[in-house]
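Each value in this text was obtained by applying a stated rule to the coordinates, not by laboratory testing. Since the structure is predicted, the reported quantities are computational estimates derived from the model, not experimental observations. Because the Cβ atoms are built from the backbone with ideal geometry, glycine has one as well, and the counts that use them run over all protein chains shown.
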Amino acid sequence: MSLVAISSDRREQALRHEDRCCLCEHRCLANRSAGERGPCKAGIEARVFRHRVECGEEAELIPSHLFYLSGCDLRCAFCIAEANAFDPRRGTLLTAEFFQRAVAWGQTQGARNIQWVGGEPTIHLPAILEVMSSVNELPPVVWKSDFYGTPEVFELLEGVVSVYVPDFKFGNDECAQRIAGVERYWEVVTRNLQLAAEQADVIVRHLLLPGHWDCCFVPITRWLRERMPTVKFSIRDGYLPMWQASQHEDLARLLEPGVGDKAREWATRLGLRVIH
Ligand code: SF4
């Protein structure tokens, strides 16, 4: 079960972002309830473009019931969700009734938890808290995120999330700006990693990108060794050059064979807690 009941105060606090949104570090202050749209293009409705029980993740999470929400605050050129990630109008409206039925179904399939993924769940936090508060016996909550949210988001999630799964994508701001279109990436994500670790279990994920060993993978591992040496670290090597990856010379190819094993060996030698 989730750790705390989601109070009406907390939900009201989240709903204030619909009038002046500061959920992610774009901090665009869009009045989403009045029809304004920020870089994420999201309104006040959240939509689920897929939900299913999956067994392809880290062993301690599976079977996990994933809810994929459309819409995102990043624009990663290699996004595998492509149009679903970037168009928040796609999918089934996330209502309390839909969610209650889906959670009940997931339980019949043996799901150990529910997992919010995207796109990016952070941009839909008010709707997510609303529907989760409607379920009496909420399973443990896993929050898989790009970690570009604001500290306000982590205050709202404190005690609700059992496991954070941050996608630590880039090891510097230049790559983040060029590939995902965001500023201050490194400062924001490293701050949020530390906020999350104060609250709940954390599994840091990193998807290896072709040609980004020195600029992204190595700085991430060094930072983890220095600042979060005991955190669980999951290295993913299933990169596919999707969406607009072909427009970037470095991203328009597959990983070199064996780079996943090489990365795990590197991280293990550094003393990191590599998990599968
Ligand atoms: S979540 Fe969307 S509307 Fe809110 S600050 Fe970020 S980009 Fe702007």
Q) Residue-wise, which Karplus ³J(HN,Hα) couplings in Hz belong to the range 121-126, taking 6.51 cos²θ - 1.76 cosθ + 1.60, θ = phi - 60°, and x for glycine or proline? A) x, 3, 5, 10, 4, x
Q: Output ³J(HN,Hα) for the range 242-252: one whole-Hz value per residue in order, computed from phi by the Karplus curve 6.51 cos²θ - 1.76 cosθ + 1.60 with θ = phi - 60°, and x for Gly and Pro.
A: 8, 6, 9, 4, 5, 7, 10, 4, 5, 9, 7
Q | Per-residue HN-Hα couplings for the range 25-31 [Karplus 6.51, -1.76, 1.60; θ = phi - 60°; Hz; x = Gly/Pro] | A | 6, 5, 6, 7, 6, 4, 8
Q. Taking neighbour Cβ counts within 10 Å as the exposure measure, how do ASP87, ASP19, ASP9 sort from fewest upward?
A. ASP9, ASP19, ASP87
Q.
Just to be sure I understand: if I project the alpha-carbon convex hull of the range 1-100 onto a plane and average over all orientations, what area do I get in nm²?
A. 7.9
Q | Unsatisfied cross-links (Cα-Cα over 18 Å) in the set LYS144/LYS262; LYS144/LYS169; LYS41/LYS144 | A | LYS144/LYS262; LYS41/LYS144
Q) Any idea what the alpha-carbon Rg over 2.2 N^0.38 Å comes to for the chain? A) 0.96
Q: Take the alpha carbon atoms of the range 13-40, find their center, do the same for the range 120-157, and report the distance between the two centers in whole angstrom.
A: 16
Q: Mind jotting down the distance between the C-alpha centroids of the range 242-271 and the range 55-91, whole Å?
A: 20
Q. Which residues' amide hydrogens lie under 5 Å from the amide hydrogen of GLN115, considering only partners 5 or more residues apart or on another chain, with H built in the peptide plane?
A. HIS65, LEU66, PHE67, VAL142
Q. How large is the convex hull of the Cα atoms of the range 46-142 per residue, expressed in Å³ as a whole number?
A. 89
Q) What is the extension gain from GLU82 to ARG27, computed as 0.36 nm multiplied by their sequence separation minus the C-alpha to C-alpha distance, in nm to one decimal? A) 17.4 nm
Q) How about the range 163-222: which GluC sites (Glu not before Pro) there lie in a loop by DSSP and see at most 13 other Cβ atoms within 10 Å? A) GLU183, GLU198
(Q) Counting only helical runs of four or more DSSP H residues, what would the 222 nm mean residue ellipticity of the chain come to if each run contributes -39,500 (n - 2.57) and the total is spread over all its residues? (A) -8500 deg cm²/dmol
